[in-house]
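Report on one structure; see the data block that follows.
The values are calculated or read from the model by the stated rules, or taken from the named source; none is laboratory data. Please read these numbers as outputs of a predicted model, since none were measured by experiment. Ideal geometry is used to build each Cβ from the backbone, glycine not excepted, and the neighbour counts take in all protein chains shown. We work out accessible area using only protein heavy atoms, side chains counted, and drop any ligands, DNA or RNA first. Shrake-Rupley method; radii C 1.70, N 1.55, O 1.52, S 1.80 Å.
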2 protein chains.
Amino acid sequence: MMSNLRIIPLGGLGEVGKNMMAVEYGEDILVIDAGLMFPESDMYGVDFIIPDYSYLRDKKDRVRAIFVTHGHEDHIGALPFFLREFPVPVYATRLTCGLIEVKLRQAHMLRETELHTCAPGDVLSIGPFRIEPFHVCHSIPDTVGLGVTTPAGLIIHSSDFKFDHTPVDGRPTDFAKLAEFAGRGVLVLMADSTNATEPGTTPSEQVVTQALDDVMRKAPGRVIIATFASLISRIQQVIDVAACYGRRVAIAGATMAENVKMAMRLGYLRIPERMMVSLGEMESLPPSRCLILATGAQGEPTAVLSRLALGQHPSISVQPGDTVVLSSHTIPGNEEMIHRVINRLFQKGADVVYHPLAPVHVSGHASQEEQKLLLNILRPRNFVPIHGELRHLKQHAKIAAELGIPRERVAVVENGYVLYFEDDCIRVGERVPGGYVFVDGSWVGDAVGPAVIRDRESLAMAGVCVVVFRYSPQRGALLGTPRLTVRGVAARDAAEEVIAGATEVVRRTVQDIRPRTPSATVERQIQAALSEFFYQQTKNRPEVIAIAVEE
Amino acid sequence: MMSNLRIIPLGGLGEVGKNMMAVEYGEDILVIDAGLMFPESDMYGVDFIIPDYSYLRDKKDRVRAIFVTHGHEDHIGALPFFLREFPVPVYATRLTCGLIEVKLRQAHMLRETELHTCAPGDVLSIGPFRIEPFHVCHSIPDTVGLGVTTPAGLIIHSSDFKFDHTPVDGRPTDFAKLAEFAGRGVLVLMADSTNATEPGTTPSEQVVTQALDDVMRKAPGRVIIATFASLISRIQQVIDVAACYGRRVAIAGATMAENVKMAMRLGYLRIPERMMVSLGEMESLPPSRCLILATGAQGEPTAVLSRLALGQHPSISVQPGDTVVLSSHTIPGNEEMIHRVINRLFQKGADVVYHPLAPVHVSGHASQEEQKLLLNILRPRNFVPIHGELRHLKQHAKIAAELGIPRERVAVVENGYVLYFEDDCIRVGERVPGGYVFVDGSWVGDAVGPAVIRDRESLAMAGVCVVVFRYSPQRGALLGTPRLTVRGVAARDAAEEVIAGATEVVRRTVQDIRPRTPSATVERQIQAALSEFFYQQTKNRPEVIAIAVEE
């Protein structure tokens, strides 16, 4: 018989369930995570993408709380947007709360937000949901998976995880708790699929410590290490190794500095007295005693590393003898930018260490063998691969099938599909509407949609040609010379040549126009004629904007 | 003492020496390869990039010939452009000539081109150059490296190569010839650095045959294999395996069909009688007897695979039961497009096999151990890593250093640097001018330069706002209401809101203008005011084009 439980991944067209999930029981809704997604390179001008939670809009009063599993941008980044519409209590572990506070303070929303700190082992009762966060290893400390007990059964959400037997913070994933859950019987497991195409086991963070040790031992001069501002455990590794080699540490990058301060305050970063110095103080130290922690390992043009590569940083300049380490994974789509930065750093005479040259980064996500282990520990009745593109989910589903979980109990769905449970068996229901929600400058959602992006694309491909002409509707005649202006079409000489021809086209088009033809009609005709003319002349189709000034 | 030998890699800002190299002795110049480069994602609207050979323009009469080492686009793609300016004899092996013919025919340049077919083992005397092409393994048959004997000494150019002991065509790289060169003494080796960051040895093409066999054995229905149109040896592998499983083969994609016809004619493809069928004929066959060879493994939006993924192909539609194989490497920057295609194919219910899920593709380039082998066989006096970004060349140079080649005899240079030889020792000289040469539609070079790309970028990021207003210079006054038009700025409602405000800004700006202020000045002021207004309102800066219509 059909239960009152419904689970819905709500990430728009992004990775499934990565940025947000909704768990519904009867009239109550629990939201898990509110992260942002980075735009693909053809989403012109989009700053980032937030989950599409329009499904929840007419259910505001039913949303009880949001639980955030860890402090990475793709899990907390959309909170300011979400909380503006849904001012519900936020639950997270200490470090995660710390990172959320930093974010909410920037958004001037800290005061009005009800933020609850909890810890693995706690049991939270929210409406019909009994929530038990449990510790998992990931590339940021204090990450938790969730056990959510509902009248319909026990749901396990793995969050982003890996099984690291030698993690930086010394706390492996909580096997005992997983076993206990298994003992109670798991209705459905939702597990991280990010590395479902990676065979074997993800290496331990320990590997990175060794690689960093290797770099700092050999580096003749300064070492500059670029990583994510939120990669707290990586920062700890760098600090520990730097201490061994008597290197002082300076931080370049505002967000990283802020996160470090916060993490130290909360005790998630242990940094020896007198080890931290300012970039200014560092200048008086011998290079072999210097280590700089920087942001921008993704090649972001405005971040520290890119500015170093371009020689545009106010206080640091890369020199021969420097060693630069990129210690973070490459977000798909950033390959070109990152490689450009690496090449420029080599140009400046630095030595650059990056994956795969050395294991200066390992993934924070479980590979195939770990995914099998989780499935075999929990032996769930139903399985939903989440946190991945369709290709990853399909692969994760294959793995579950290999372990003997019946196909009909594995649901591979995209965001927006409602998952029901009938006699403890999962059933894929209707799809709730949803898509991309773009954030562009101060615009959110509908203001910048697919149509706008399409316009920007055609502007990007061939530029724009504006033609302004005096027009008398009575006589259906052009008055004076039409004025053409182009942007992004071609360089001056080439442009002037086409413009000359285009002006003629405008004249000819207007010649055979009847009296009393409305301006709008003439504008359309000129638009069409010019667009065709440009294609014939240049095999390009710039956007044409024709504007008649009536006389 | 300084010799008369000069070597110059001429690829603009691309991979060093990949698309073109010039070897000069005294008054004579030999050009090697004329390939094209694919644009990076922020080179808006650029179709492709050709080498910058402006250095050769004032030396037309000194260019004796061009030798093309193999038939890939990045080595032959720029020939039509180059030959238009430098109608010199072209030398290449048979298959390469075949592919060049296809290309020149499309460009209507076949008749006037002097095309010479040569084979490994031949010795060509061209001016002071004694050229000995030698067979190397690569992902296309008939690839040759070059031994070029000059009065100054012997130059070895590896071309793109790998050491494959079990290649598809049964012809391993010519070790004997390499040994012979070594015996004569090698002045300088220029070798492929593409995989300099890859440890170990590149797997043999044999691995792909096994992977394809595995796929076709298990595939319940049709198999669709996407690869490069020029990957002749891969096509042979597919055909051979398909034959084992009684699958008929149809080709989707014009260029691939043309290449296959040509390669069969020249005997580089052996296809059993009656095996090839048309897509139409295939419909009458059981799916398990069907194999379709298609283009578009890079996710190119207009190629067959993308159209299949979007369900936009005229004669084929992907269905559950189909197995799609992506059998080619990912050109950096195409990751997003390819993953999107893979996800869409999964959406349509197909099974998709791609690297790293299965070794359905192996690189055609030597990895570190093979690079060491080549260096140790030849023991060159000097070494120039080529065919790679700076990061690859640096790595290749480190490898040479590990093998004991003195640092001062290894030249890591970017394109345009002139390499001299003084007492048999390499010396890096001046850099000749050069950069990107963009091809965009029918425009080549200066017509579309960095400035145009910058304009396109800002159009892409925030769109364009055109403001047309009647203006009387005498009175320094605005007449009537200014008319604002936007494209790619925001969706209608949001746009109309900003436009209302912007119109006010135009009015206010013109208010305090003095009589007899020229239109151009007013246009500039309005441009500045609006740009600022937009930023304040939207945190975006659309391009503003202000046009005054004088009264």
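So which residues in region B:208-224 are out of contact with any Ser or Thr (no Cβ under 8 Å at 6 or more places or on another chain) and surrounded by 17 or more Cβ atoms within 10 Å (Cβ to Cβ), if there are any at all?
Listed by number, the residues that qualify are B:T209, B:A211, B:M216.
Can you tell me which residues in region A:334-350 are within 9 Å of chain B (Cβ to nearest Cβ) and among the polar types (S, T, N, Q)?
Once the filter is applied, which keeps residues that are within 9 Å of chain B (Cβ to nearest Cβ) and among the polar types (S, T, N, Q), region A:334-350 yields A:N343, A:Q347.
Under 7 Å between Cβ atoms, at least 6 apart or on separate chains: pull out the pairs that start in region B:211-232 with a residue that is not assigned by TED's automatic domain parsing to the domain that holds B:E300 and modelled with pLDDT of 95 or more and end on any residue that is part of a helix (DSSP H, G or I) and not hydroxyl-bearing (S, T, Y).
Nothing qualifies.
Can you pull out the helices (runs of 4 or more DSSP H) entirely within region A:264-349 that have at least 3 residues that are among the small types (G, A, S) and open to solvent by less than 20 Å² (accessible area, probe 1.4 Å)? Explain how you work it out, then say what you get.
Working: elements: A:279-282, A:304-309, A:335-347.
By residue number, no helices (runs of 4 or more DSSP H) qualify.
Can you tell me which residue in region A:517-541 is farthest from the other protein chains (Cβ to nearest Cβ), limited to those that are touching a residue at least 12 places away in the same chain (Cβ under 8 Å) and more than 23 Å from B:F469 (Cα to Cα)?
Checked region A:517-541; the qualifying residue farthest from the other protein chains (Cβ to nearest Cβ) is A:A529.
Could you please give the count of residues in region B:456-482 that are charged (D, E, K, R), open to solvent by 30 Å² or more (accessible area, probe 1.4 Å) and modelled with pLDDT of 95 or more?
1
Would you pick out the residues in region B:71-93 that are modelled with pLDDT of 95 or more and among the charged types (D, E, K, R)?
Within region B:71-93, B:R84, B:E85 qualify.
Determine whether A:A257 is assigned by TED's automatic domain parsing to the domain that holds A:Q210, without any contact (Cβ under 8 Å) to a residue 12 or more places away in the chain and open to solvent by 30 Å² or more (accessible area, probe 1.4 Å).
Working: assigned by TED's automatic domain parsing to the domain that holds A:Q210: yes; without any contact (Cβ under 8 Å) to a residue 12 or more places away in the chain: yes; open to solvent by 30 Å² or more (accessible area, probe 1.4 Å): yes.
Answer is yes for this residue.
Kindly establish whether A:E180 is surrounded by fewer than 22 Cβ atoms within 10 Å (Cβ to Cβ), over 27 Å from A:P320 (Cα atoms) and over 27 Å from the mean Cα position of the chain (by Cα). Don't jump to the end; show me each part of the working.
Values: surrounded by fewer than 22 Cβ atoms within 10 Å (Cβ to Cβ): yes; over 27 Å from A:P320 (Cα atoms): yes; over 27 Å from the mean Cα position of the chain (by Cα): yes.
So A:E180 fits the description; yes.
Exactly one of these conditions fails for A:R289: (1) basic (K, R); (2) out of contact with any strand residue (DSSP E or B) (no Cβ under 9 Å at 6 or more places or on another chain); (3) closer than 22 Å to A:K348 by Cβ. Give me its number.
Failing condition for A:R289: (2).
I want to confirm something. Restricting to region B:96-121 and keeping residues that are charged (D, E, K, R) and open to solvent by 60 Å² or more (accessible area, probe 1.4 Å), which single residue is farthest from B:E27 (Cα to Cα)?
In the first step, residues of region B:96-121 are kept if they are charged (D, E, K, R); the result is B:101, B:103, B:105, B:111-112, B:114.
Subsequent filtering for residues that are open to solvent by 60 Å² or more (accessible area, probe 1.4 Å) retains B:105, B:111-112, B:114.
Details: B:R105: 32, B:R111: 29, B:E112: 25, B:E114: 22 Å.
That would be B:R105.
Give region B:201-228 a look and list any residue that's charged (D, E, K, R) and either within 16 Å of B:L326 (Cα to Cα) or within 14 Å of chain A (Cβ to nearest Cβ) (or both), or say none. Don't jump to the end; show me each part of the working.
Just the residues of region B:201-228 that are charged (D, E, K, R), to begin with: B:205, B:213-214, B:217-218, B:222.
Correct list: B:E205, B:D213, B:D214, B:K218, B:R222.
Any residue at all in region A:55-70 that is of a type in the set (G, A, S) and modelled with pLDDT under 95?
Initially, region A:55-70 is screened for residues of a type in the set (G, A, S), giving A:65.
Next cut, modelled with pLDDT under 95 only: none.
Taking every residue of region A:55-70 in turn, none turns out to be of a type in the set (G, A, S) and modelled with pLDDT under 95.
Scan region A:45-67 and give yes if some residue there is part of a loop (DSSP other than H, G, I, E, B) and at positive phi, otherwise no.
Our first condition is that a residue be part of a loop (DSSP other than H, G, I, E, B); within region A:45-67, this holds for A:45-47, A:51-53, A:58-59.
Of the ones still in play, those that are also at positive phi are A:45.
Yes, some residue in region A:45-67 is part of a loop (DSSP other than H, G, I, E, B) and at positive phi.
Being among the hydrophobic types (A, V, I, L, M, F, W, C), in contact (Cβ under 8 Å) with a residue 60 or more places away in the chain and assigned to a helix (DSSP H, G or I) is the filter here, so list the residues in region B:439-465 that pass it.
The initial filter retains those residues of region B:439-465 that are among the hydrophobic types (A, V, I, L, M, F, W, C), namely B:439, B:443-444, B:447-448, B:451-453, B:459-462, B:464-465.
Filter once more, keeping what is in contact (Cβ under 8 Å) with a residue 60 or more places away in the chain: B:439, B:444, B:448, B:453, B:459-462, B:464-465.
Result: B:I453, B:L459, B:A460, B:M461, B:A462.
Looking only at residues in region B:43-72 that are of a type in the set (D, E) and without any contact (Cβ under 8 Å) to a residue 60 or more places away in the chain, which one is nearest to B:G17 (Cα to Cα)? Even if it seems obvious, please write down each step before you answer.
Residues of region B:43-72 of a type in the set (D, E): B:47, B:52, B:58, B:61.
Applying the additional criterion that residues be without any contact (Cβ under 8 Å) to a residue 60 or more places away in the chain yields B:58, B:61.
Details: B:D58: 21, B:D61: 22 Å.
Checking each candidate, the answer is B:D58.
Whether any residue in region B:440-455 is open to solvent by 40 Å² or more (accessible area, probe 1.4 Å), closer than 24 Å to A:G445 by Cβ and touching a strand residue (DSSP E or B) at 6+ places or on another chain (Cβ under 6 Å) is what I want to check. Walk me through it before giving the result.
In the first step, residues of region B:440-455 are kept if they are open to solvent by 40 Å² or more (accessible area, probe 1.4 Å); the result is B:442, B:444, B:446, B:450-451, B:454-455.
Then keep just the ones that are closer than 24 Å to A:G445 by Cβ; that gives none.
So far as region B:440-455 goes, no, none of its residues is open to solvent by 40 Å² or more (accessible area, probe 1.4 Å), closer than 24 Å to A:G445 by Cβ and touching a strand residue (DSSP E or B) at 6+ places or on another chain (Cβ under 6 Å).
Pick out the one residue from A:V353, A:V412, A:V362 that is crowded, with 18+ Cβ neighbours inside 10 Å, within 14 Å of another protein chain (Cβ to nearest Cβ) and in a loop (DSSP other than H, G, I, E, B).
Numbers: A:V353 fails: in a loop (DSSP other than H, G, I, E, B); A:V362 fails: within 14 Å of another protein chain (Cβ to nearest Cβ).
The unique qualifying residue is A:V412.
Might you check whether a residue that is open to solvent by 20 Å² or more (accessible area, probe 1.4 Å), under 20 Å from A:P39 (Cβ atoms) and in the same structural domain as A:L36 (by TED's automatic domain parsing) occurs anywhere in region A:422-434?
Yes - at least one qualifying residue is present in region A:422-434.
Scan region A:261-273 and report the pairs whose first residue is in contact (Cβ under 8 Å) with a residue 24 or more places away in the chain and whose second residue is open to solvent by less than 40 Å² (accessible area, probe 1.4 Å) and part of a loop (DSSP other than H, G, I, E, B), with Cβ atoms within less than 6 Å and a gap of 6+ or a chain change.
Qualifying pairs under 6 Å: A:A263/A:L269; A:Y268/A:P141.
Please state which one of B:F81, B:F38, B:F48, B:F67 is of a type in the set (F, W, Y), under 21 Å from B:D192 (Cβ atoms) and open to solvent by 20 Å² or more (accessible area, probe 1.4 Å).
On the way: B:F81 fails: under 21 Å from B:D192 (Cβ atoms); B:F48 fails: under 21 Å from B:D192 (Cβ atoms); B:F67 fails: open to solvent by 20 Å² or more (accessible area, probe 1.4 Å).
Going through B:F81, B:F38, B:F48, B:F67 in turn, the sole match is B:F38.
Go through (1) at pLDDT 95 or above; (2) touching a helix residue (DSSP H, G or I) at 6+ places or on another chain (Cβ under 8 Å) for A:G434 and report which single condition fails.
(1)
Return the residues of region B:148-176 that are crowded, with 19+ Cβ neighbours inside 10 Å and either among the aromatic types (F, W, Y) or under 15 Å from B:P120 (Cβ atoms) (or both); say none if nothing qualifies.
B:V148, B:I156, B:H157, B:S158, B:S159, B:F161, B:F163, B:P167, B:T173, B:D174 - these are the residues of region B:148-176 that are crowded, with 19+ Cβ neighbours inside 10 Å and either among the aromatic types (F, W, Y) or under 15 Å from B:P120 (Cβ atoms) (or both).
Please work out which residue is modelled with the lowest pLDDT, limiting yourself to region B:512-551 and to residues that are under 24 Å from A:P482 (Cα atoms) and open to solvent by 80 Å² or more (accessible area, probe 1.4 Å).
That would be B:E551.
Counting only residues that are buried (at least 17 other Cβ atoms within 10 Å of the Cβ) and touching an Asp or Glu at 6+ places or on another chain (Cβ under 9 Å), which one in region B:189-200 is nearest to the other protein chains (Cβ to nearest Cβ)?
B:N195
Residue by residue through region A:84-95, note down the ones that are assigned to a helix (DSSP H, G or I), open to solvent by 10 Å² or more (accessible area, probe 1.4 Å) and of a type outside the set (D, E). Steps first, please.
So the first thing to find is which residues in region A:84-95 are assigned to a helix (DSSP H, G or I), and the list is A:84-85, A:94-95.
With open to solvent by 10 Å² or more (accessible area, probe 1.4 Å) added as a condition, the list becomes A:84-85, A:94.
The answer is A:R84, A:R94.
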